[in-house]
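Structure record follows, encoded as structure tokens.
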């Protein structure tokens with residue numbers, strides 16, 4: 001999986017370079033690589049790669065995400081989320097699979113599993129009397 005994500009990062013459709021600052025939402029259907037700053041929601045159905053020098057101040061929604069930089073906002077990933085050693089996340093996380101490497105910092109709540117898992121384990125409603 002990690003080799004596939006590395007390949008996807010190299011072939012990102014959208015790249016926000018280290019000197020770029022975006023004020024507003026960033027929406028894509030392809031892979032996104034962020035090395036600069038984004039102050040607005042980041043959304044894609046594919047992969048998001050947040051470089052070590054990147055800073056995102058907003059929510060991130062993606063298929064998969066690899067974070068080496070800083071995110072101040074919630075992260076919702078339908079697949080895998082990797083917080084690498086230099087990652088700093090302040091916000092709630094929702095993902096199917098989470099990997100946190102030594103040195104990563106995460107402050108917030110974490111919810112793991114698919115929506116089907118959550119509804120399957122939901123308590124049965126009490127019968128009305």
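The values are calculated or read from the model by the stated rules, or taken from the named source; none is laboratory data. These numbers were taken from a predicted model, which means no experiment stands behind them. Note that we place each Cβ from the backbone using ideal geometry, even for glycine, and neighbour counts take in every protein chain shown.
Descriptive notes on the structure:
- When residue 12 is tested against (1) in contact with a strand residue (DSSP E or B) (Cβ under 9 Å, 6 or more places away or on another chain); (2) at pLDDT below 90; (3) surrounded by fewer than 17 Cβ atoms within 10 Å (Cβ to Cβ), exactly one condition is not met: (3).
- Scanning region 46-57 for residues that are surrounded by fewer than 19 Cβ atoms within 10 Å (Cβ to Cβ) and out of contact with any helix residue (DSSP H, G or I) (no Cβ under 8 Å at 6 or more places or on another chain) yields 52, 53, 55, 57.
- Output for region 62-76, where each listed residue is closer than 12 Å to residue 108 by Cα and in contact with a helix residue (DSSP H, G or I) (Cβ under 7 Å, 6 or more places away or on another chain): none
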